[in-house]
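*Asks:* The structure is given below, and queries will be raised subsequently.
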Amino acid sequence: MGKRYWLMKSEPDVYSIDDLQRDGKDCWEGIRNYQARNFMRDDMKVGDGVLFYHSNAKPPGVAGLARVCRLAYPDHFAWDKKSKYFDPKCDPEDPRWWMVDVEYVETFPHLVSLQQLKDDAQLEDMMVTRRGSRLSIQPVELAHWKRVSALGRKG
């Protein structure tokens with residue numbers, strides 16, 4: 001299978017596109033939803049594109065681009081009792097939670113807000129625009145990737 005595209009949500013007060021730019025790359029830890037975990041573990045490949053989405057922000061929206069730079073590996077924070085992502089049911093011998101590494105690509109001059117995504121007829125089938133769609137990692141179609149990228153660069 002060729003390159004795929006994803007939308008990955010992060011709260012900007014926890015980890016923003018600016019943080020990723022500063023760090024260059026980082027792990028995407030703390031995913032505790034099975035469907036999102038499965039996307040990372042089973043489907044993400046090195047080189048896949050990421051729409052970096054700021055959630056729980058005013059306004060929420062796509063702030064820039066990243067790229068998957070390391071295949072999924074066990075989320076060791078699940079075993080760390082001091083971590084907010086600790087899971088007492090998780091066993092290092094049979095990992096339940098996984099993460100990938102992402103690297104910074106680009107910050108958009110202007111955030112592409114959720115409202116802009118919803119108002120754009122070319123994006124009407126995009127998962128993030130659907131009512132009740134709260135999944136923190138979502139697949140994105142190439143046409144949607146290109147449209148959001150164009151909107152972000154155009155400002």
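*Asks:* Convert 4 °C to kelvin, take the viscosity as 1.567 mPa s, use the Kirkwood radius over C-alpha pairs of the range 37-89 as Rh, and evaluate the Stokes-Einstein diffusion coefficient in µm²/s, rounded to a whole number. Mind dumping the intermediate values first?
*Replies:* On the way: Rh = 13.3 Å.
In µm²/s, the coefficient rounds to 98.
*Asks:* Using DSSP to define loop residues, name the GluC sites (Glu not before Pro) in the range 46-155 whose beta-carbon has at most 15 other beta-carbon atoms within 10 Å.
*Replies:* Working: sites: Glu93, Glu103, Glu106, Glu124, Glu141; in loops: Glu93, Glu124, Glu141.
In loop regions of the range 46-155 (DSSP not H, G, I, E or B), the sparsely surrounded GluC sites (Glu not before Pro) are Glu93, Glu124, Glu141.
*Asks:* Explain nothing, just compute: Karplus ³J(HN,Hα) = 6.51 cos²θ - 1.76 cosθ + 1.60, θ = phi - 60°, for every residue of the range 118-128 in order, whole Hz, x for Gly and Pro.
*Replies:* Running phi through 6.51 cos²θ - 1.76 cosθ + 1.60 with θ = phi - 60° gives 5, 7, 8, 4, 6, 10, 4, 9, 5, 3, 5 Hz.
*Asks:* Which is the longest stretch in the chain that no exposed loop site breaks, taking sites as trypsin sites (Lys or Arg not before Pro) with a DSSP loop state and at most 15 other Cβ atoms within 10 Å?
*Replies:* Values: sites that count: Lys3, Arg32, Lys45, Lys81, Lys82, Lys84, Lys89, Arg96, Arg130, Arg131, Arg134.
Counting only loop sites that pass the neighbour cut-off, the longest clear stretch is 46-80.
*Asks:* Ratio to report: Rg/Rh of the range 5-154, with Cα atoms as the point set and Rh obtained by the Kirkwood method; give two decimals.
*Replies:* Numbers: Rg = 15.2 Å, Rh = 15.7 Å.
Checking Rg against Rh, the ratio lands at 0.97.
*Asks:* So if I place +1 on the C-beta of Lys and Arg and -1 on the C-beta of Asp and Glu, and nothing else carries charge, what would the dipole magnitude of the range 5-154 be about its Cα centre? I want it in debye, nearest 20. Working shown, then result.
*Replies:* Details: 23 positive and 24 negative charges, 73 e Å.
Here the size comes out at about 340 debye.
*Asks:* Starting at the first residue of the range 71-76, write each ³J(HN,Hα) from the Karplus equation 6.51 cos²θ - 1.76 cosθ + 1.60 with θ = phi - 60°, in whole Hz, x for Gly and Pro.
*Replies:* 4, 4, 8, x, 7, 5
*Asks:* Along each of its three principal axes, how wide is the spread of alpha-carbon positions in the range 53-137, in whole angstrom units, largest first?
*Replies:* Sorted from largest, the Cα extents of the range 53-137 read 47, 29, 23 Å.
*Asks:* Additional query: Count of lysine pairs in the range 22-155 with Cα atoms under 17 Å apart, counting only pairs 8 or more residues apart in sequence or on different chains? Can you show the working numbers first?
*Replies:* Values: Lys25/Lys45; Lys58/Lys118; Lys81/Lys89; Lys118/Lys146; Lys146/Lys154.
Step by step, the pairs that qualify in the range 22-155 add up to 5.
*Asks:* How are the C-alpha pair distances of the range 1-65 spread across 5 Å bins, as whole percents from the shortest bin up?
*Replies:* 4, 15, 26, 26, 20, 7, 1, 0
*Asks:* Rounded to the nearest 0.05, what FRET efficiency is calculated for Asp91 and Ala143 with R0 set to 41 Å and r the Cβ-Cβ distance? Don't skip to the answer; put the middle values down first.
*Replies:* Details: r = 41 Å, r/R0 = 1.00.
Once the sixth-power term is evaluated, E becomes 0.50.
*Asks:* Given only helices, namely DSSP H runs of n ≥ 4 each adding -39500 (n - 2.57), what is the per-residue ellipticity at 222 nm of the chain, to the nearest 500 deg cm²/dmol? Present the calculation step by step, with values, prior to reporting the outcome.
*Replies:* Numbers: 4 runs with 31 residues, N = 155.
Counting only the DSSP helices, I get -5500 deg cm²/dmol.
*Asks:* Then there is this: So who's got an amide H within less than 5 Å of the one on Trp6, skipping anything under 5 residues away but keeping other chains? H placed 1.01 Å off N, in plane.
*Replies:* HN-HN under 5 Å from Trp6: Gly49, Val50, Leu51, Val140.
*Asks:* May I pose another question? Compute the relative contact order of the chain as a whole-number percentage, counting only Cα pairs closer than 8 Å that sit 6 or more residues apart in sequence.
*Replies:* Details: 304 pairs, mean separation 46.6, N = 155.
Computed over the chain, the figure is 30 percent.
FYI, it's all coordinate maths here, none of it is from the lab. If you're wondering where the values come from, they're calculated on a predicted model, not measured in any experiment. In this analysis, Cβ positions are derived from the backbone assuming ideal geometry, glycine residues included, and neighbour counts consider all displayed protein chains.
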